[in-house]
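What follows is calculated from the coordinates using simple rules that are stated; it is not laboratory data. Just so it is clear, the model here is predicted, and its values are computed rather than measured. For neighbour counting, all protein chains shown are included, and Cβ atoms are generated from backbone atoms with ideal geometry for every residue, glycine included.
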Amino acid sequence: DSTSEIMEDWMYQSVTDRFILDEDNRQWIQENNPDALRQITSRLLEAVERGMWDASDDTVEALKSIFMDNDASLERMNDRS
């Protein structure tokens, strides 16, 4: 999006709602590919930080919280390895 500028706010929000904020979908991603959840959440937060997406404060806080929880989970998994 940073070079093509084809993503609109509703597109970012749709991805966020469907894959990150939807509890069932997020849990499935977390269980099957936690690194993917980390990458998706990271990219969404990056879009906000770079001014490519004007997300609500509540959405940003939810993304940050999910990112931190996921990061802690990945660290625990790595510690067990």
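Considering only DSSP states other than H, G, I, E and B, which trypsin sites (Lys or Arg not before Pro) in region 25-65 qualify as loop sites with at most 14 other Cβ atoms within 10 Å? Could you put the intermediate results ahead of the total?
Details: sites: Arg26, Arg38, Arg43, Arg50, Lys64; in loops: Arg50.
Here the sparse-neighbourhood loop sites are Arg50.
Please state the charge dipole magnitude for region 9-80, taken about the Cα centre, from unit charges on C-beta atoms (+1 on K and R, -1 on D and E), reported in debye and rounded to the nearest 20. Before the final figure, lay out each step's value.
Values: 8 positive and 17 negative charges, 58 e Å.
It works out to roughly 280 debye.
Local charge for Trp28 was computed over the other residues whose Cβ lies under 13 Å away, with Lys and Arg +1 and Asp and Glu -1, and equals -2. Modelled this way, with points 7 Å down the Cα-to-C-beta line, the labels at Met11 and Asp54 are 1.7 nm from one another. Dividing the helix sum by the residues of the chain, where each DSSP H run of 4 or more adds -39500 (n - 2.57), gives a mean residue ellipticity at 222 nm of -23000 deg cm²/dmol. Each part gets one Cα centre, and for region 1-45 versus region 48-81 those centres are 10 Å apart. Once Cα extents along the principal axes in Å is calculated for the structure shown, the corresponding label among (i) 41, 24, 22; (ii) 36, 23, 20; (iii) 56, 24, 15 turns out to be (i). Of the residues Asn33, Ser56, Phe19, the one whose Cα sits farthest towards the positive end of the charge dipole of the chain is Asn33 (charges of +1 on Lys and Arg Cβ, -1 on Asp and Glu Cβ, taken about the Cα centre). Let me have the relative contact order for the chain, percent, based on Cα pairs under 8 Å that are six or more residues apart. Computed over the chain, the figure is 31 percent. Loop-located GluC sites (Glu not before Pro) across region 7-39 with a Cβ neighbour count of 15 or fewer within 10 Å are Glu8, with loop assigned by DSSP.
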